[in-house]
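The structure appears right after this line, and notes come after that.
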Amino acid sequence: MNIDSEVAPFVVRHDEDRFLAPVSFLNGRFDLKISGRDTGGALCVIDTIRLGRGGPPLHLHHEQDEWFFVEEGRFLFQIGDQAYDLGPGDSIFGPRKISHAFVNRSETGRLMVAFQPAGTMEAFFSGGSPHPLSEEFKILSRQHGMEVVGPPLRAD
């Protein structure tokens, strides 16, 4: 994947979306910071502002690695069979084909999330916000190269 030489440098301000079109998904607001369109599909970065406890169901990506950076709040992550408690400034890497999930343990929290390669994650998050335990969520996930393999983590 080559970066399009036509893409010029750009700035995305704090609390803004790359295209000024933030998305509501699960329990938060998602601001796209770097689009797959900017990187020839190599990378997608999203700043997620979590507006309550909760998170996605246990899932895996068939073709993408995922990296998380905790900006605010406390999060519990599960990568494979291991649990990790992360706070501000901590990051964790979730390799492709390894199940993972996280839960916001704070009333509010903020995670920067990177997907490599970008795949169709932007379209996934724009596909509505079905309940994470619904069949609709599982179908949406499969359409974008993921498999739901378990329930969301509990915040307690």
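The values are calculated or read from the model by the stated rules, or taken from the named source; none is laboratory data. Since we're looking at a predicted model, the values are computed, not measured. Reconstructed Cβ throughout: ideal geometry from the backbone, glycine too, with neighbour counts over all protein chains shown.
Data for the structure
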item	result
Residue 93 being among the hydrophobic types (A, V, I, L, M, F, W, C), loosely packed, with under 14 Cβ neighbours inside 10 Å and touching a residue at least 24 places away in the same chain (Cβ under 8 Å)	yes
Restricting region 109-131 to residues that are polar (S, T, N, Q) and at pLDDT below 95, the residue that is surrounded by the most Cβ atoms within 10 Å (Cβ to Cβ)	129
Among the residues listed as 23, 70, the single one being modelled with pLDDT of 95 or more, within 19 Å of residue 122 (Cα to Cα) and not hydroxyl-bearing (Ser, Thr, Tyr)	23
Some residue of region 93-101 being of a type in the set (A, V, I, L, M, F, W, C), over 14 Å from the mean Cα position of the chain (by Cα) and not in a strand (DSSP E or B)	yes
Filtered residues of region 19-38 (kept if part of a strand (DSSP E or B) and among the hydroxyl-bearing types (Ser, Thr, Tyr))	24
Residue within region 71-81 that is among the polar types (S, T, N, Q) and under 15 Å from residue 108 (Cβ atoms) present	no
Hey, residue 25 touching a helix residue (DSSP H, G or I) at 6+ places or on another chain (Cβ under 6 Å) and either among the hydrophobic types (A, V, I, L, M, F, W, C) or on the phi > 0 side of the Ramachandran plot (or both) or not	yes
So residue 72, is it surrounded by 18 or more Cβ atoms within 10 Å (Cβ to Cβ) and over 19 Å from residue 154 (Cβ atoms)	no
